[in-house]
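Engineer: Got a structure for you, written out below as structure tokens; questions coming shortly.
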Amino acid sequence: MDIVVRTESGAVRGETGDGYTAFRAIPYAAPLLGALRFQAPAPARRWDGVRDGRAFGASVPQPMIWHPGDDPECLTVNIWTPDPTASGLPVMVWLHGGGCLGGTAATPDFDGAAYARAGIVLVTVNYRVGYEGFGWVDDAPCNRGVLDQIAALRWVRDNIAGFGGDPDTVTLIGQSAGASSITALIAGHGARGLFERGIAQSPGRIFVAADEARTVSTMITEQLGIRPTADALAAVSPETIHAVQMAPVAIMSRDPARWTHPNAPYSLIIDGELLESPPWTRTRPISDPLPDLICGFTTDEARMFTVDVDLSTADPARTAHGYGLNPSAVQDYRTGHPGISDDELHALILSDALFRMPALWCAEAHANAGANTYLYEFAWPSPARNGSLGACHGLDVPFTFDTPHSPLGVELIGPTVPPDFAPLSAEMRSAFTAFARTGDPGWPRFDTDDRIRRVWKTPPTLGRDSLRTSRRVWHDEHPAEQQ
């Protein structure tokens, strides 16, 4: 059965499934036409009649899943609701990952049906990535992808009641770059009052100073032969930018210690406006109550990136140096992990540098600010690829959505779903929905004394300070990170 809901921009038709109604590809901002590709998001256009919301819309410009000629009206949300005629239902808003380089909400990986059946209104968001979202533009604001997220949250505030949701009970949830955005929105001021809780799954160390962001983007615009203005960039097709945007990575990889984030051309920019510092450092007194926060990491984050790399000549000392650690840190790691091989230590240092330490730092900063904070570690080892992935980056996402047969689920879990997937997925989702409703996920709050965390494995347990060695290494080398 089709159901029609009226938004502030016009009416939209959804379709009913088993325990939910879904509305897809609803614009929350104007189409990405001309210089608007590189400006702050503009208000959505109004439409007459009833818009068909029964299928996903286009993704934002990026390699592979976007193609020339795709609909520029791609800043959209998708909604799953238990009952659009209800009222006061908790709302969860999902921000996908992709390293500020790619990603889309137009995928079955983030199907919201399981949340809707649990009484949650689930919203997924397309936001700009790549140069459109995070490249330096002289005459436009930085972090346009995050400004898109804020625009989507404003849309949720103004429209979600029509889908049964409570605009005053909104929880942000996201993974990787999406989780980094959540920690940035908590640390900054641009989204205050638009959400009350956040779930950050593997936030990354992808926050760079404005000067560094400008330098990296200049490597791209020099390849294009243009100045970094909105009009000049708008005259260049997305696919032309995509063809040269990885050029900075080749340069940065020659001396990674010089760069904050040498693995990708785009990052969240510390611009002094939306974001004044990395979210684990506090540079301004906190006057408003901070949102409740769940922050987490996976045990073997970097195995997602190293599984296809020949690590027979891995040099942990070079890896440590590339992330600003002294060679002595390698011995500290070995002391804390007796018998660890060079390739395992290489992956461990990468895991810590990219995600595990940033997640811990965010949790520490949030708890030390007096806010309700919960920490988790996802430790369930994937059976895929003969177990070589371990509990890798992104593996918690199919569990979060109960989507083991989605493209990401098949890639990270394998074609056969283990019998313990369903109960662990249900426990995770139950904790996240309880947090969205009440602020309590069902395990003790994190603080820097007891350091209690939920360990997601079969069966789930509570643990303490699993990162003791890592946090000591990184505290010794980067005490400023712990302010």
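The values are calculated or read from the model by the stated rules, or taken from the named source; none is laboratory data. This structure is a prediction, so every number in the text was calculated from the model and none was measured. Virtual Cβ from ideal backbone geometry, glycine too; neighbours counted across all protein chains shown. These area figures cover heavy atoms from the full protein model, side chains too; ligands, DNA and RNA do not enter into them. Shrake-Rupley method; radii C 1.70, N 1.55, O 1.52, S 1.80 Å.
Engineer: Using alpha-carbon pairs under 8 Å, 6+ residues apart, how would you state the relative contact order of the chain in percent?
Structural biologist: Values: 1050 pairs, mean separation 65.1, N = 483.
After rounding, I find 13 percent.
Engineer: Return the calculated 222 nm mean residue ellipticity for the chain, to the nearest 500 deg cm²/dmol, obtained by summing -39500 (n - 2.57) across DSSP H runs with n ≥ 4 and dividing by the residue count.
Structural biologist: Mean residue ellipticity, 222 nm, calculated: -9000 deg cm²/dmol.
Engineer: Let me ask something else about it. Hey, could you get me the Stokes-Einstein D for the chain, Kirkwood radius over alpha-carbon pairs, 37 °C and 0.692 mPa s, rounded to whole µm² s⁻¹?
Structural biologist: Numbers: Rh = 22.7 Å.
So the translational diffusion coefficient is about 144 µm²/s.
Engineer: Amide H to amide H, which residues 5 or more places from L89 or on other chains are under 5 Å from it, using H placed in the peptide plane?
Structural biologist: When sequence neighbours closer than 5 places are left aside, the close amide H contacts are G165, D166.
Engineer: Sequence-distant or interchain residues sharing an amide H contact under 5 Å with A11, placed H: which?
Structural biologist: Here the answer is R51, since their amide H atoms fall under 5 Å of that of A11.
Engineer: With a probe of 1.4 Å, find how much accessible area the chain has per residue, and write the answer as a whole number in Å².
Structural biologist: Dividing the accessible area of the chain by its residue count gives 38 Å².
Engineer: Still on this structure, I have one more. If you place +1 on the Cβ of every Lys and Arg, -1 on the Cβ of every Asp and Glu, and leave all else neutral, what size is the dipole of segment 366-483 about its Cα centre, to the nearest 20 Debye?
Structural biologist: 140
Engineer: Using Cα-Cα distances under 8 Å and only pairs 6 or more residues apart, what relative contact order does segment 304-395 have, in percent?
Structural biologist: In percent, rounded to a whole number, it is 24.
Engineer: Tell me the carbon and sulfur percent of the accessible area for the chain, rounded to whole percent, probe radius 1.4 Å.
Structural biologist: 50
Engineer: Continuing with this model, one more query. In sequence order, what are the phi-derived ³J(HN,Hα) couplings for segment 268-277 according to the Karplus relation 6.51 cos²θ - 1.76 cosθ + 1.60 with θ = phi - 60°, rounded to whole Hz, with x for glycine and proline?
Structural biologist: Result, ordered by residue: 6, 9, 7, 9, x, 10, 5, 9, 9, 6 Hz.
Engineer: Could you derive backbone 3J(HN,Hα) for segment 293-308 from the dihedral phi with the Karplus parameters 6.51, -1.76 and 1.60 (θ = phi - 60°), listing whole Hz in sequence and x where the residue is Gly or Pro?
Structural biologist: For segment 293-308, the Karplus curve yields 9, 9, 10, x, 8, 9, 4, 10, 2, 6, 5, 4, 9, 9, 4, 9 Hz.
Engineer: Give the Kirkwood hydrodynamic radius (Å, one decimal) of segment 175-241, defined as one over the mean of 1/r across all pairs of different Cα atoms. Don't skip to the end; give the middle numbers.
Structural biologist: Details: mean 1/r = 0.0693 Å⁻¹.
Kirkwood radius, segment 175-241: 14.4 Å.
Engineer: Express the Stokes-Einstein translational diffusion coefficient of segment 1-86 in µm² s⁻¹, to the nearest whole number, given a Kirkwood radius over alpha-carbon pairs, 25 °C and a viscosity of 0.890 mPa s.
Structural biologist: Estimated diffusion coefficient is 177 µm²/s.
Engineer: Rolling a 1.4 angstrom probe over the protein chains, ignoring ligands and nucleic acids, what is the accessible area of V208 in square angstrom, nearest 10?
Structural biologist: The accessible area comes out at roughly 10 Å².
Engineer: Antiparallel as a % of all DSSP beta bridges within the chain, to the nearest 5?
Structural biologist: 40
Engineer: Then there's this: Under the rule of at least 5 residues apart or a separate chain, name every residue whose amide H is placed under 5 Å from the amide H of S466.
Structural biologist: Close amide H contacts, sequence-distant or interchain: none at all.
Engineer: With θ set to phi - 60° and the Karplus curve 6.51 cos²θ - 1.76 cosθ + 1.60, what are the ³J(HN,Hα) couplings of segment 179-184 in order, to the nearest whole Hz, using x for Gly and Pro?
Structural biologist: With the stated coefficients, segment 179-184 comes to 5, 4, 4, 5, 5, 5 Hz.
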